[in-house]
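**Student:** I am attaching a structure below and will ask some questions about it afterwards.
The values are calculated or read from the model by the stated rules, or taken from the named source; none is laboratory data. Since the model is a prediction, treat every value here as computed from it, not as a measurement. All Cβ positions, glycine included, derive from the backbone under ideal geometry; neighbour counts span all protein chains shown. In case anyone asks, the SASA skips ligands and DNA or RNA and just uses the protein heavy atoms, side chains included. Shrake-Rupley method; radii C 1.70, N 1.55, O 1.52, S 1.80 Å.
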Amino acid sequence: MTNNPPFRLGRRTVLAATAAVAAASLGCALTRPLLAAQPGAGFDPALLDGAIKRAAELDQIHALVIGRNGAVVSAEAFRGPAVNRAVNVKSVSKTIAASLAGIAIDRGVLRGVDVPLAEAAPGLVPAGVDPRVRRITIADLLTMQAGLEPTSGPGYGRWINSRNWVVDALRRPFVTEPGARMLYSTGSYHLLGAALSSASGRSLLSLARDWLGEPLGIDVPSWTRDPQGFYLGGNNMALSPLDLFRFGELWRQGGQWNGQQVISAAWVEASWVPRTRSPFSGDDYGYGWFLATAKGHRIAYARGYGGQMLYLVPSLGLTVVVTSDPGRPARSDGHVGLLNALLTDAIIPAAEMA
């Protein structure tokens, strides 16, 4: 099992799947937080129908959910499980874990993002590690800037076959200094999840069900645990496409759901401020969200292996969920490129022309 690196919506390259998307239309990455959507409703019917037909022709796609200003306007499973069935969202789990970290800070379970891991969860740090491990902060984990050799990509299998995932991640050699640059690594998010569990005295599953599942009215099934019982912090969570849409809407609405402030507006704003940059795509990264622009609109997105996608376009009130075959690769010049083009060439224009 491996994790693909995050994709790129634009800056150095055009979406490779379609020559129709010009580089100039993609603009530069976000330089300020994404928050309130502009008022507006609906889609151009013909363009929306064309977008859905285009999606149906992609042989890896399973389901597509499109909504605007909180209303689902299309929810269809072209193949695979129904839109109300939980599916593996792969590394979209990182965005969910980052949300739980924000709630933990809101509730005082964690003192803040600048707290070192060794202080937030001292029992996690083994003896004899590189002294720089004690400088790794919660913010470094959220932005995957721990500096340690990544556990994703070629290192993923060796990591999950180790006897102790936390210890293995922390004993890896340093590639760079903590906080210096992003190294895409599921291990960073597993450490974050373990820290949340240690600081709260509860499992990550319990926190996810209590802090997100209950207020959103969604089911959060159990998922992968490491040999010590910590739930995997950055991969293999499962949500239905419709439940993932609710999660996206929570964020699009500034952390509110049905009048309840589930995540503080301050955490939403902080999460959508660029803090580092993906070494693979060049897109910016905040706390659990990749940040880019397309067609002049700022976008926050989450990505999971195989083409599990959550796109938010706040300026259009747009939330789009895509689930795909979780067993097939989805590179930026392949299936994910086609999904990006679907958003920028078809769904966004359908909203703009309404």
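**Student:** Where in region 101-143 are there trypsin sites (Lys or Arg not before Pro) that are in a DSSP coil and have at most 13 other Cβ atoms within 10 angstrom of their Cβ?
**Tutor:** Within region 101-143, the qualifying trypsin sites (Lys or Arg not before Pro) (loop, at most 13 other Cβ atoms within 10 Å) are Arg107, Arg111.
**Student:** May I ask for the angle, rounded to the nearest 10°, between helix 186-200 and the longest principal axis of the chain, with both axes built from Cα atoms and the value confined to 0 to 90°?
**Tutor:** 70 degrees
**Student:** Relative contact order (percent) for region 100-159, with alpha-carbon contacts under 8 angstrom and 6 or more residues of separation?
**Tutor:** Across region 100-159, relative contact order equals 27 percent.
**Student:** Would you kindly derive the ³J(HN,Hα) couplings of region 117-134 from the backbone phi angles with the Karplus curve 6.51 cos²θ - 1.76 cosθ + 1.60 (θ = phi - 60°), listing them in order in whole Hz, with x for Gly and Pro?
**Tutor:** 3, 5, 8, 5, 8, x, x, 7, 8, x, 5, x, 7, 3, x, 5, 4, 6
**Student:** Roll a 1.4 Å probe over the protein chains and send me the accessible area per residue for region 165-205 in Å².
**Tutor:** It amounts to 29 Å² per residue over region 165-205.
**Student:** Could you please state how large a percent of the accessible area of the chain is carbon and sulfur, counting protein chains only and using a 1.4 Å probe?
**Tutor:** 50 percent
**Student:** Taking the chain as the region of interest, what is the percent of Cα-Cα pairs per 10 angstrom bin, listed from the shortest bin to the one with the maximum distance?
**Tutor:** 6, 27, 37, 23, 7, 1, 0
**Student:** How large is ³J(HN,Hα), in whole Hz, for each residue of region 201-207 in order, when computed from phi with the Karplus curve 6.51 cos²θ - 1.76 cosθ + 1.60 and θ = phi - 60°, using x for Gly and Pro?
**Tutor:** Going residue by residue, I get x, 10, 6, 4, 4, 4, 5 Hz, with x marking Gly and Pro.
**Student:** Report, to the nearest 10°, how far helix 45-56 tilts away from the longest principal axis of the Cα atoms in the chain, using its own Cα long axis and a range of 0 to 90°.
**Tutor:** Roughly 50 degrees between the two axes.
**Student:** When only C-alpha pairs under 8 Å and at least 6 residues apart count, what is the relative contact order of region 142-239, in percent?
**Tutor:** 30 percent
**Student:** List every residue whose amide H lies under 5 Å from the amide H of Ala238, counting only residues 5 or more places away in sequence or on a different chain, with H placed 1.01 Å from N in the peptide plane.
**Tutor:** Val89
**Student:** Against the longest principal axis of the chain, how steep is helix 241-252, in degrees 0 to 90 to the nearest 10, with axes from Cα atoms?
**Tutor:** The angle comes out at about 80 degrees.
**Student:** To continue, here is another question. Collect residues whose amide H, placed 1.01 Å from N in the peptide plane, falls under 5 Å from the amide H of Met353; neighbours closer than 5 in sequence don't count.
**Tutor:** Hits under the 5 Å cutoff: Asp44.
**Student:** Right, here's the next one. With an 8 Å Cα cut-off and a minimum separation of 6 or more residues, compute the relative contact order for the chain in percent.
**Tutor:** 32 percent
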